[in-house]
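Just so you know, all these numbers are worked out from the coordinates, no wet-lab data involved. These figures come from a predicted structure and were not determined experimentally. Cβ coordinates were reconstructed from backbone atoms using ideal geometry, including for glycine residues, and neighbour counts include every protein chain displayed.
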Amino acid sequence: MLSGAIFDVANKIEQIKDDEAKTLAPDFWNDQLKAQALMKEIKQNKHWVGLYNSVHKKFEDLTILKEFNEIGEASEEEVDQQYQIIVDELDENEFKSTLKNEEDSLSAILEINAGAGGTESCDWGSMLLRMYTMWANKNGYKVNEIDYQAGEVAGIKSVILEIEGDFAFGMLKGENGVHRLVRVSPFNSQGKRMTSFCSVFVHPIVDDSIEIIINPADLEWDTFRAQGAGGQHVNKTESAVRVTHVPTNTIVECQQQRSQIQNRETAMKMLKSKLYELEMQKKLEARDAVEAQKMKNEWGSQIRSYVLDDRWVKDLRSGYKVTNPDAVLNGDLNGFFKAYLLHKEQK
């Protein structure tokens, strides 16, 4: 029951033994990229073995509880509670098993851009920024603000976040698309119901285990003065940078640091992540052009509606719906992530 398709624990334990033996070779670290990739594989396999051990321990506890129940020293309710704990944990691990692509374990870049609608959409953008930041904090991820463009009256025109931690991209990748907000507007004196749109894009942050080669001759660099919230200058020097990858017309800006050198390093990391995603898309198109086109359409269309006065939030792909929008906007998003990823896996 516990060592089947979800865990495949026997093979993973053998793989860990084989890989750890390789790390003892005197020349193991001569090839840094290959060594780091192997260490990452060991870590991921140990992660799955740890999940198995956790469930297995709970299963042993359930067996003991059943024996106690048979001699009258444990109640049926205690047995049922322990059983439900195991079911919930297995369900959670089934969800985690959908995060099996090479890029799923990476950290993520998350971009929010206000759509048409002026102040309304800019305010909606700031609400989404708060929502994702709260989700990250609740789930143990580190958030760094890389770029911030304030709205003219309120909220944001755009923001770019680095969300750092294991499986950040795998968890967030389903957020690509348009997010629709319906509410009674605080900016409308007549109290009208308004609809606002923001787009969200998520990219994996490529680490050293994935090699992306960029020809410096293909890059165009610009510098400008960094700006803070409300448009004020953060400093008086041109520390912010913009880099354009000419062959793909991919553009990245960074004004996170006061140092231009640090901003250039961050911009290159973001550029590599975007180029890696473009390469993933090319492979997808080569494998199945029809499904790739469906994916493009999904990423460019509305994926979720947040209707505040009617008190519901619904994912339009999986059909998952909750009736507590406050909790969602406070970062309770894992139900949506899980429903989407399992829905995609089943498709």
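Compute the Cα gyration tensor for the chain, then decide on rounded, prolate or oblate, letting a ≥ b ≥ c be the square roots of its eigenvalues: rounded whenever a/c is under 1.5, prolate when a/b is larger than b/c in the other cases, and oblate in all that remain. In terms of gyration-tensor shape, oblate. Across the cross-link table entries Lys142/Lys321; Lys17/Lys58; Lys314/Lys338; Lys12/Lys66, which are compared at the Cα atoms, the separations over 23 Å belong to Lys142/Lys321; Lys17/Lys58; Lys12/Lys66.
Stretched out straight at 0.36 nm per residue, the stretch from Gln15 to Glu92 would grow longer than its current Cα-Cα span by 25.3 nm.
The listed peptides 78-90, 173-185, ordered by packing as a protection proxy, come out as 173-185, 78-90 (highest mean of other Cβ atoms within 10 Å first). The shape of region 1-78 comes out prolate: with a ≥ b ≥ c from the C-alpha gyration tensor, a/c is at least 1.5 and a/b beats b/c. Shown here: region 96-210, whose C-alpha atoms stretch 54, 26, 24 Å along the first, second and third principal axes, sorted largest to smallest. Between Val246 and Ala116, the simple spin-label model (points 7 angstrom out along Cα→Cβ) gives 3.5 nm.
Structural descriptor for the chain: relative contact order 15 percent, calculated from alpha carbon pairs under 8 angstrom and at least 6 residues apart.
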